[in-house]
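Reading through the structure tokens given below for one structure.
The values are calculated or read from the model by the stated rules, or taken from the named source; none is laboratory data. None of the values given here were measured: they were computed from a predicted structure. All Cβ positions, glycine included, derive from the backbone under ideal geometry; neighbour counts span all protein chains shown. SASA here: full protein model, heavy atoms, side chains in, ligands and nucleic acids out. Shrake-Rupley method; radii C 1.70, N 1.55, O 1.52, S 1.80 Å.
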Amino acid sequence: MSKPPSAASRDEPVIRDRGDACPGALRLHAADDGFLARVRIPGGLLTARQAAALGLAADRFGDGHLELTSRGNVQLRGLREECGAGLAELLDSVGLLPAPSHERIRNIVASPLADPAPVRALDRVLCADPKAAALSGRFLFAVDDGRGDVAALGPDVTLLAQPGGRVLIRLGVSPDAAEVAAADAARAALEAAHHFLDAAAEAGTRAWRIAELPAEHALDAREFTLRLVGRGMRARYVPDAPRPYADPPAPGVHGDALCVLVPLGRLSTDQWRELPGELRITPWRSLLVTADARPAGLVTAPGSPWESVTACTGRPGCAKSLADVRADARAVAERARGPLPVHWSGCERRCGHPRGTAWVDLVATPDGYRLGADPVAPHELAAALAAARNQPPVPEAAVSEAAVKK
């Protein structure tokens, strides 16, 4: 199966003529179904009080639903334009807006079964640093416990845990890295962000992500290591850094936690309130809750047709979408199973598509859908999609390129 077009690497650097319009909790985005707020949840970590506040916000200001994103954040939809102040006050009251000037740059994905302390340390240094506020709302940090689950998601800066209390800091998809003590990892990640901002300023292309830098301004891990040493850290250059890979947690029990898959990443506030205590949102649109939870209407065991099925917002929420992709996905989910993930896209932008893996590329067209490069008749969609999802995956070399920006 060929690599999806949006997963191809760039041949030319991006030159932007506008600022980053990525939505946040304070910067609402106008959609066809009302305004949208994206609340950053670093590492997907939510206290019970914060989770309750998000449910209240969805009922009080929105459409009574919450959406989980591919970065482990929460979106509220159907908001009224005048709700901004009330929403901000509610989120601030539970600690979801610790630094209003930085709220869109708190993009941190983390291994969901790992110790949350490194995520909290990184979030603290980011929120305390004035320069970090210049990052785009798309710049991504990953805190990986060493297994390689979130390291595969195409982050700009990866913190990869190593034996002996060491951490590798990787810049983009570079094969090399800098190694530091775990105690210095958060500071080193912040320095990596500074390194990018300096390079982006020199390039003058208004790059949002490391992959967008022109070749002559590409970040160099050797130079980065020297920067860390200059900041008083005991850093070591690693020319051929390991690249482990692990699948995300499957629905079911994992030790003391239950992994709950949310079909298409959207659930009602009633379903949300059935999730007890603290929550961890994963970048795969699932949640980790206490092992004794059994929420209705969500997937709590392997074997569901909803495993590895994702979709963009589609109609009626997005004006650019050519189809109600979520309704269409529900109509064929049971008959279109397969090991390869599939992403339903309402247009060529492919918002929210999978990262770090081969995936089946299904895109709405004015006449129906296109599977890869081939149009598919509506009555053949389920069979064609099942066949595509059961093809051998693309080569690993192509998978490593699937981490490019959105």
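Based on what the data block shows, is PHE196 farther than 30 Å from THR300 by Cα and among the aromatic types (Phe, Trp, Tyr)? The answer is yes for PHE196. Scanning region 151-170 for residues that are part of a strand (DSSP E or B) and surrounded by 23 or more Cβ atoms within 10 Å (Cβ to Cβ) returns VAL157, THR158, LEU159, LEU160, VAL167, LEU168, ILE169, ARG170.
Which of the numbered conditions does ARG77 fail, given that it passes all the others? Conditions: (1) among the charged types (D, E, K, R); (2) farther than 27 Å from ARG124 by Cα; (3) over 21 Å from the mean Cα position of the chain (by Cα); (4) at pLDDT 95 or above. Of (1) among the charged types (D, E, K, R); (2) farther than 27 Å from ARG124 by Cα; (3) over 21 Å from the mean Cα position of the chain (by Cα); (4) at pLDDT 95 or above, only one is false for ARG77: (3). Scanning for something open to solvent by less than 70 Å² (accessible area, probe 1.4 Å), modelled with pLDDT of 95 or more and of a type in the set (Lys, Arg), does region 235-250 turn up at least one residue? There is no residue in region 235-250 that is open to solvent by less than 70 Å² (accessible area, probe 1.4 Å), modelled with pLDDT of 95 or more and of a type in the set (Lys, Arg).
One line per residue, one yes/no per condition, for (1) open to solvent by less than 20 Å² (accessible area, probe 1.4 Å); (2) in contact with a Phe, Trp or Tyr (Cβ under 8 Å, 6 or more places away or on another chain):
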{"site": "ALA58", "(1), (2)": "yes, yes"}
{"site": "LEU66", "(1), (2)": "yes, yes"}
{"site": "VAL74", "(1), (2)": "yes, no"}
{"site": "CYS83", "(1), (2)": "yes, yes"}
{"site": "LEU87", "(1), (2)": "yes, yes"}
{"site": "PRO98", "(1), (2)": "no, no"}
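Among the criteria (1) within 29 Å of ASP145 (Cα to Cα); (2) at pLDDT 95 or above, the one ALA37 does not fulfil is (1). Among the residues of region 362-383, the one identified as open to solvent by less than 40 Å² (accessible area, probe 1.4 Å) and touching a Gly at 6+ places or on another chain (Cβ under 6 Å) is ALA364. Kindly evaluate GLY44 against the criterion of being farther than 18 Å from THR269 by Cβ, touching a Pro at 6+ places or on another chain (Cβ under 6 Å), small (Gly, Ala, Ser) and buried (at least 20 other Cβ atoms within 10 Å of the Cβ). Here the answer is no, as GLY44 does not meet what is asked. In the set (1) out of contact with any strand residue (DSSP E or B) (no Cβ under 7 Å at 6 or more places or on another chain); (2) part of a helix (DSSP H, G or I), ALA193 fails one condition alone, (1).
Within region 350-370, the set of residues being part of a loop (DSSP other than H, G, I, E, B), of a type outside the set (Gly, Ala, Ser) and in contact (Cβ under 8 Å) with a residue 40 or more places away in the chain comprises ARG350, CYS351, HIS353, PRO354, ARG355, THR357, TRP359, PRO366. I'd like to know if region 280-287 contains one or more residues that are within 27 Å of ASP115 (Cα to Cα), open to solvent by 30 Å² or more (accessible area, probe 1.4 Å) and in a strand (DSSP E or B). Yes, some residue in region 280-287 is within 27 Å of ASP115 (Cα to Cα), open to solvent by 30 Å² or more (accessible area, probe 1.4 Å) and in a strand (DSSP E or B).
The set of residues in region 323-339 that are in a loop (DSSP other than H, G, I, E, B) and open to solvent by 70 Å² or more (accessible area, probe 1.4 Å) comprises ARG337, PRO339.
In region 192-199, is there at least one residue being acidic (Asp, Glu) and either touching a residue at least 12 places away in the same chain (Cβ under 8 Å) or touching a helix residue (DSSP H, G or I) at 6+ places or on another chain (Cβ under 8 Å) (or both)? Within region 192-199, none of the residues are acidic (Asp, Glu) and either touching a residue at least 12 places away in the same chain (Cβ under 8 Å) or touching a helix residue (DSSP H, G or I) at 6+ places or on another chain (Cβ under 8 Å) (or both). Of the strands (runs of 3 or more DSSP E) lying entirely inside region 34-150, the ones with 2 or more residues being free of Cβ contacts under 8 Å to residues at least 60 places away in the same chain and within 30 Å of ARG16 (Cα to Cα) are found at 34-39, 74-79, 141-144.
Among (1) surrounded by fewer than 20 Cβ atoms within 10 Å (Cβ to Cβ); (2) within 21 Å of the chain's Cα centre (by Cα), which single condition is CYS312 missing? So CYS312 meets the others, but not (1).
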